Each structure stands twice: as structure tokens, then as C-alpha cells.
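**Q** To start, I am sharing the structure in question, which I have written as C-alpha cells.
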Amino acid sequence: MLTSGFTSAPVTKFFLSCIVVGSLVASVTDKKYLFQVLVVPQIWGWGQWWRAIIWPICYANSTEVLFAAMTVYSLRVVERLWGSRKFASFLLQTLPYTTFLPPLILALVLRPLSFGSLNYLPSGPTAIIFAMLAQYHAAIPSLYTYKINTARSTATSTSGSSEVTNGTATAASPTESQAESSARNATADTAGGTTKDSIPWPTLSATLSSKSLSYLPPLQLALASFPCSLLPAIVGWGIGYLYRNDVLPGTSWRVPAWVVGEKKKTIPAGSGYDNLRRRMEGEGSSSGVERGATTAGGERRRAGGAG
């Protein structure tokens with residue numbers, strides 16, 4: 001699964017190509033405005049419900065295309081784990097949910113609750129990408145983990161000079177040992193009324209894994225049009241986990257093998273049993289020959305001993 005490129009991942013390659021080509025065509029033809037969704041006036045005012053179908057086709061700017069391409073490329077290991085047939089079935093089964101749920105939730109739930117402040121849904125297949133990301137999070141193990149700790153530092157507060165006491169320098173001479181220098185400085189600080197209070201700062205740590213960097217591009221994708229872009233990301237993540245837990249109907253369905261370029265393996269009826277029978281007969285005959293040879297050898301040895 002660590003092979004570079006799109007080896008054993010033709011569906012992911014096709015999906016990534018559609019994202020890039022679709023966004024490029026929309027940009028060149030200056031039709032990007034057709035894919036964004038404004039509940040008012042486009043949905044409730046003008047009745048343009050077709051926008052709820054075409055909004056995931058392409059992204060509106062090149063930054064989102066870049067981070068989407070990086071995310072999809074890193075998720076190609078899911079197809080290698082599942083196989084192209086199951087992965088294509090997953091995309092087709094989750095496509096209706098990731099397409100229709102975000103605009104419906106925005107129009108019927110979020111906009112009324114926010115008193116009209118949430119009215120925009122950015123274009124792009126963010127929802128289905130996050131459904132793929134949920135499978136990556138659950139199915140792909142991390143290779144290693146590492147921890148990042150902050151350095152433990154101290155803050156020193158003094159009420160006098162720690163270097164000069166009553167006009168006398170406390171620096172150690174070149175021939176003076178370090179222990180003698182420390183003791184001398186401590187004595188000078190105490191005599192001069194200087195106090196040092198060591199205030200420890202709390203140590204912060206974070207445990208990361210080999211998969212941590214893979215979550216940065218989708219995080220940027222989810223925050224690209226904050227807060228509106230969070231809706232398809234959250235919906236896609238939830239749909240991905242519902243599919244994984246077999247909550248969605250028809251999760252056992254698979255696309256035909258020819259869709260992903262696979263040849264269906266047909267086994268003639270009874271051929272499996274015939275092969276098993278012939279193999280068992282061959283093993284039985286070879287065992288009989290070995291037993292016969294062993295018996296004949298034993299009889300010859302007994303005859304030789306009697307003679």
C-alpha cells in the first residue's frame with residue numbers, strides 16, 4: 001500500500017482527474033457561479049433546485065482544487081485495501097447522501113436557526129472526500145507514533161543584583177572550580193538580600209502519528225470557506241462512518257466487475273468438487289503405493305532373517 005502513484009487505484013485516479021478537469025473547465029468557461037448554492041434567492045426565491053444536484057461537480061478556486069487533489073491522492077490506499085470494485089461501490093452508494101443532505105440541511109435547518117446568516121454552500125465534492133477520509137481514519141493503521149514536548153523553562157525574579165554585591169563582583173576566577181563558584185554566588189546573593197524564585201512552566205506535549213500530516217490538506221479544505229465549508233465536511237464524515245457500520249442500506253451491493261475493468265471469474269458447476277475428488281484420489285493412490293512398498297520391504301527383511 002506504500003507504492004507511489006496510482007498503482008492498483010484506477011478509481012481514485014479517475015475521481016482525481018474529474019475534480020481537476022471539472023474545475024478547470026468551469027474556470028475557463030467562466031461558469032463557476034452556476035455551482036454555488038445560495039438558499040436565498042436561488043432556492044427559495046428563484047426555485048433553482050437543480051443547484052442542489054450539480055454543486056459537488058467542481059471547486060470555485062484553485063486553492064481548494066490543490067488541497068482536494070492532495071487529499072484524494074493520499075486516500076488512494078483505501079482503494080488498494082478494499083479493491084477497486086468495493087471502492088467504486090462505496091462512492092456510488094454514498095453519492096446521493098453526500099449530494100442532497102448538505103443543501104437540505106442548510107436550507108431547512110441551519111438557515112432558520114441562524115436567522116439567515118448561514119445562507120451559502122460552497123461548491124465542490126468536499127462531502128464525498130470526507131466520507132473517504134472517514135474510511136482512511138478507521139481502516140488504515142499508522143506505522144509509527146511520536147511525541148512532541150515543549151522545553152521546560154524557568155522564570156527568575158530577583159530583588160537585587162546577582163552579579164555584583166556591595167560593589168564586589170562574584171564572577172569565578174579562571175582557576176576556581178564550578179562548585180566553589182556556585183557556593184560563592186549563593187552566599188553573595190543571600191548576603192545582598194537577593195532571592196531567586198524558580199517558577200516552573202507546565203510542559204505541553206502532543207502525540208502524533210505517521211497519518212497526522214495526511215489530515216492537514218482536508219482540514220484546510222474544511223476551513224476554506226469557514227463556516228459554510230464545515231457543513232459538507234461534517235456530513236461527509238458522518239456518512240462515511242454510517243457506511244462503515246452498515247447503517248446505510250445496500251452496503252453489500254457491488255458494481256459489476258466490468259465497470260472497474262475486472263474480469264468476472266466463472267467456475268463451472270461441479271468443477272471444484274471434481275478437482276477436489278481427483279486430488280484426493282491421487283493422494284490416496286500415492287499413499288497406497290508407499291504402503292505396498294513398505295510392506296514388500298518388510299517381507300524381504302523377514303525372509304532374509306529366516307534364511
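**Q** For LEU92 and ASP246 in one chain, what is 0.36 nm times their gap in residues minus the Cα-Cα distance, to one decimal in nm?
**A** Result: 53.9 nm gained on full extension.
**Q** Shifting gears a bit: Got a sec to turn the phi values of region 132-143 into Karplus ³J(HN,Hα) couplings, 6.51 cos²θ - 1.76 cosθ + 1.60 with θ = phi - 60°, whole Hz, x for Gly and Pro?
**A** 5, 5, 5, 5, 5, 5, 8, 9, 9, x, 7, 7
**Q** Here's a follow-up. Roughly how much of LYS147 is accessible, in Å² to the nearest 10, using a 1.4 Å probe?
**A** LYS147 exposes around 130 Å² with every protein chain in place.
**Q** Can you give me the convex hull volume of the Cα atoms of region 203-258, divided per residue and expressed in Å³?
**A** 184
**Q** Which order, highest average first, do 218-225, 71-78 follow once you tally other Cβ atoms within 10 Å for each residue and take the mean per peptide?
**A** Descending packing order for the listed peptides: 71-78, 218-225.
**Q** Taking K and R as +1 and D and E as -1, what net charge do the other residues with C-beta under 12 Å from the C-beta of PRO10 add up to?
**A** Values: positive: LYS13, ARG76, ARG80, ARG85; negative: GLU79, GLU262.
Taking every other residue near PRO10 into account, the sum is +2.
**Q** Enumerate the amide H contacts of LEU208 below 5 Å, restricted to partners 5 or more residues apart or on another chain; note that Pro and chain-start residues carry no placed amide H.
**A** Residues meeting the criterion, in which the H sits 1.01 Å from N, are TYR146, LYS147, ILE148.
**Q** Let me ask something additional. What do the square roots of 5 times the Cα gyration tensor eigenvalues come to for region 5-152, in whole Å, largest first, as semi-axes of the equivalent ellipsoid?
**A** Result for region 5-152: semi-axes of 31, 20, 16 Å.
**Q** So what's the net charge close to LYS32: Lys and Arg +1, Asp and Glu -1, counting the other residues with Cβ under 15 Å from its Cβ?
**A** That works out to 0.
**Q** Turning to a different aspect of this structure: Report, to the nearest whole %, how much of the accessible area of region 21-78 belongs to carbon and sulfur atoms, 1.4 Å probe, protein only.
**A** After summing per-atom areas, the C and S share lands at 70 percent.
The values are calculated or read from the model by the stated rules, or taken from the named source; none is laboratory data. Worth saying up front: this structure is predicted, and the values here are computed from it rather than measured. We place every Cβ from the backbone using ideal geometry, glycine too, and count neighbours over all the protein chains shown. All accessible areas refer to the heavy atoms of the entire protein, side chains included, with ligands and DNA or RNA removed. Shrake-Rupley method; radii C 1.70, N 1.55, O 1.52, S 1.80 Å.
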